[in-house]
Amino acid sequence: MPWRKPHRFWRHLVTDDGSARRAFPEAAAERLEAAIAAGEKVHRGQVCLVVESALPLARVVRQLPPRERALEVFGQLRVWDTEENCGVLVYLLLADRDVEIVADRGIHARVGTAAWEVICRSMEAAFREGRYVDGAEEGIRAINALLAEHYPHDGHARGNELPDRPVILG
């Protein structure tokens, strides 16, 4: 119910698509795309960054947790569908200033929940300071380091299985 957590309801009500575009303008999207592409030159993993301004109010009223929404997006964008099961979704829900990382079973089995949580909390701290682009880039670098450790590039050319460009959900 929105009256149980009125602040969350109002944040989702006033956060619109323009909020995502202001937090991640074109130059920022290019910078983050370059960070993802650079990482994929040193590892075999696939990173997908998704920014969603706010949830539909009906989903806020039903108290949909950001983690559940991240799992939906993981499936919708087929991040799980990589050759080596090493796709990683970084989901940013701006209205909640929440970061969720959903990693495919291959990389998650090697890294574990604790490492992903550290990256999420670091990114959220940067977001609280209004440093959205810096926080996202730092998180991507940390994810790239984990992927390089567990799935180092082996010299074989592979196609890019997921887009490097950040996805802004409207």
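Just wondering, is there one or more residues in region 72-91 that are in contact with a helix residue (DSSP H, G or I) (Cβ under 6 Å, 6 or more places away or on another chain), closer than 12 Å to Gln46 by Cβ and charged (D, E, K, R)? Yes, the conditions are met somewhere in region 72-91.
Out of the residues in region 70-125 that are basic (Lys, Arg) and in a loop (DSSP other than H, G, I, E, B), which is nearest to the chain's Cα centre (by Cα)?
Of the residues in region 70-125, the ones basic (Lys, Arg) are 78, 97, 105, 110, 121.
Going one step further and asking which of them are in a loop (DSSP other than H, G, I, E, B), we end up with 78, 97.
Numbers: Arg78: 14, Arg97: 12 Å.
For region 70-125, the residue satisfying everything is Arg97.
Taking Leu71 as the residue in question, decide whether it is over 22 Å from Ala23 (Cα atoms) and without any contact (Cβ under 8 Å) to a residue 24 or more places away in the chain. Let's see the steps before the verdict.
Numbers: over 22 Å from Ala23 (Cα atoms): yes; without any contact (Cβ under 8 Å) to a residue 24 or more places away in the chain: no.
Here the answer is no, as Leu71 does not meet what is asked.
Tell me, please, whether a residue that is in contact with a Ser or Thr (Cβ under 6 Å, 6 or more places away or on another chain), outside any loop (DSSP other than H, G, I, E, B) and either among the charged types (D, E, K, R) or farther than 20 Å from Ala20 by Cα (or both) can be found in region 61-68.
From region 61-68, those in contact with a Ser or Thr (Cβ under 6 Å, 6 or more places away or on another chain) are none; that's our starting set.
No.
For region 58-111, taking the residues that are among the aromatic types (Phe, Trp, Tyr) and under 16 Å from Pro166 (Cα atoms), the one that is surrounded by the fewest Cβ atoms within 10 Å (Cβ to Cβ) is identified as Phe74. Listed by first and then second residue, the pairs with beta-carbon distance under 6 Å, at least 6 apart or on different chains, first residue in region 42-67 and within 24 Å of Gly106 (Cβ to Cβ), second of a type outside the set (A, V, I, L, M) and in a helix (DSSP H, G or I), are Pro66/Asp96.
Which condition breaks for Ala142 when tested against (1) in a helix (DSSP H, G or I); (2) aliphatic (A, V, I, L, M); (3) under 12 Å from the mean Cα position of the chain (by Cα)? Failed condition: (3).
Laboratory data are not the source of any read-out in this text; all were calculated from the coordinates shown. Every value quoted in this text rests on a predicted model; they were computed, and no experiment measured them. Neighbour counts run over all protein chains shown; Cβ positions are idealised from the backbone, glycine included.
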